[in-house]
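First the structure, in the form of structure tokens, and then the observations on it.
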Amino acid sequence: MPADKNQNLQDVFLNHLRKTKAPVTLFLVNGVKLQGIITWFDSFSVLLRRDAHAQLVYKHAISTIMPVNPVQLFEEGEETGSGN
């Protein structure tokens, strides 16, 4: 999935998870584990849905986003970083 040069990795990753409706586990900085599907996100928050319930989670509270299944964002050999 080629990324627009103006998009950052976080947006590409979250948008892929949203479009594919991939189940994820979110770990918060305080150790809480949340599970569901990302249905929306912006610069500050992520909307997580599970069992017809929605949770708005602020990004500054998220430590890790782990998809249940492996995700491939880029084709083999495609440049994936800025090289800094």
Quiz item: About its Cα centre, what dipole magnitude does the range 1-61 give when the only charges are +1 on Lys and Arg Cβ and -1 on Asp and Glu Cβ, stated in debye to the nearest 20?
Solution: 140 debye
Self-check item: Net charge over other residues, Cβ less than 10 angstrom from the Cβ of residue 46 (K, R count +1; D, E count -1)
Solution: +1
Quiz item: PRE reach from residue 29 (point 7 Å along Cα→Cβ): which of the range 59-73 fall under 20 Å by backbone N?
Solution: 59-66
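Read-outs throughout are calculated quantities, based only on the coordinates presented, and are distinct from any laboratory measurement. Keep in mind that this is a model prediction, so the values were computed, not measured. Quick reminder, even Gly has a Cβ in these numbers, built from the backbone with ideal geometry, and neighbours come from all protein chains shown.
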